[in-house]
Structure formats: structure tokens, C-alpha cells
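Please read the structure below before turning to the comments.
The values are calculated or read from the model by the stated rules, or taken from the named source; none is laboratory data. Because the structure is a prediction, the values reported are computed rather than measured. Note that each Cβ is placed from the backbone with ideal geometry, even for glycine, and that neighbours are counted across all protein chains shown.
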There are 2 protein chains.
Amino acid sequence: MKNNLFENIPSNLPEELFEILQGSGGVKIERIVSRGHATPEGEWYDQSWDEWVVLLKGLAILDFDGDKESVSLKSGDFIFLPAGLRHRVAWTEPDVDSIWLAIHFNF
Amino acid sequence: MKNNLFENIPSNLPEELFEILQGSGGVKIERIVSRGHATPEGEWYDQSWDEWVVLLKGLAILDFDGDKESVSLKSGDFIFLPAGLRHRVAWTEPDVDSIWLAIHFNF
């Protein structure tokens, strides 16, 4: 019945891990595990829905399209990414599991 | 623009702290800080919407109405509480900040 955000992480993680933990009622709750991964250069997340995301472990840097300054995130930092805000993960801490919890809504 | 789940906790916490971090688009994202607090004896949360909740720090025990067994939670444990599942916080670790993140949806 319960499950743990910090467990069940594969020892081998060639790509970022995306898992939908809950997906009904117009909301998607997603765990993301990055181990030094970043969004491929030149690619942006360009979403038609809102996202609220918290970094629970590790370190990361988010970049935004245009003039908006990058944001560095540490454990516990959360940020609201409104629909249409083009963003990418520029960097995550190498050799460490950076664990995100993303809430997608307003589809 | 960013904020931190583990910061800005009052040193004095006579009652549980409930804060809506995001509340639009049919979803409410809430931080709860319990410092040994519990739901008053005999009281139940009886919600007409779904809740997904994760305990990020501390320790807690959730009780359920009826025959359903209690669930003990540690850091990272998450659980889905469907609408109508009567539940209460039976216990949280004393003298420690137990930090919850609750996603309320399906209103």
C-alpha cells in the first residue's frame, strides 16, 4: 500500500528514470531520477500544462529559454513551471541520484 | 522563484503547520509540518477528494477507520488515500519536524 521515493532505483541507470506514481483526476505525479543526466543540448520541455517540481535529493540546474536566469536547486527546493515556460535540465550532480518529484496538472 | 520545503519552519510550533504551496487547476499542493502532533483522538479526515501524500522527513503512523491496518511511514514513504478513506495521523516523532507533502486532487 505504501511505497518509497528513495528506494527501488536501478543500480544501472544509462538514461534518466521517469515513473508515473499516480495518474488520474487531471494530475500526474511523477518520480524522476537523474544520475548526472541532463536534457540533451538544444532540447526544451515545452508543456501545455503546469508543472510543480521539487528536487528531493542531489543537485541540479534548470535553464530557461530566453533571458530568464538559470536556477540552481538543492534538496527541498521547489519551483512552479507554468505551461509554456520552455525549460531544460542543464546539469545534475554526477555519480549521485538526484531525485525529483514532479506534479503535472492543468491539462 | 524557488522556495524550499525544508526551510522556513517556525521554531515554535504549538500546532501542526499547514501551507498551500500551489492551489490551482484542480490540484492543491500542501506542506504539513508535524512536531509530535497527531490528529485529535476520535477525529478523522474524511475527504471527498483524493490525496497522495509523502512523508519527506521524520516518522509517522497513519490510522484508518474500520479494519484496515495502521501504516507506519518513514522518510520517502508515500501512500494514496482515495476519497472517502477515513484516516488520521495517530503519531508523529516527538521533538522532530516530520515534513509531509500532500497532493489533493479529484475535487
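Answer yes or no as to whether A:Val71 is surrounded by fewer than 20 Cβ atoms within 10 Å (Cβ to Cβ) and either of a type in the set (A, V, I, L, M) or touching a residue at least 12 places away in the same chain (Cβ under 8 Å) (or both). For A:Val71, the condition - surrounded by fewer than 20 Cβ atoms within 10 Å (Cβ to Cβ) and either of a type in the set (A, V, I, L, M) or touching a residue at least 12 places away in the same chain (Cβ under 8 Å) (or both) - is met. Among strands (runs of 3 or more DSSP E) entirely within chain B, having at least 2 residues that are at the interface with chain A (Cβ under 9 Å from one of its Cβ atoms) and at pLDDT below 95 singles out no element at all.
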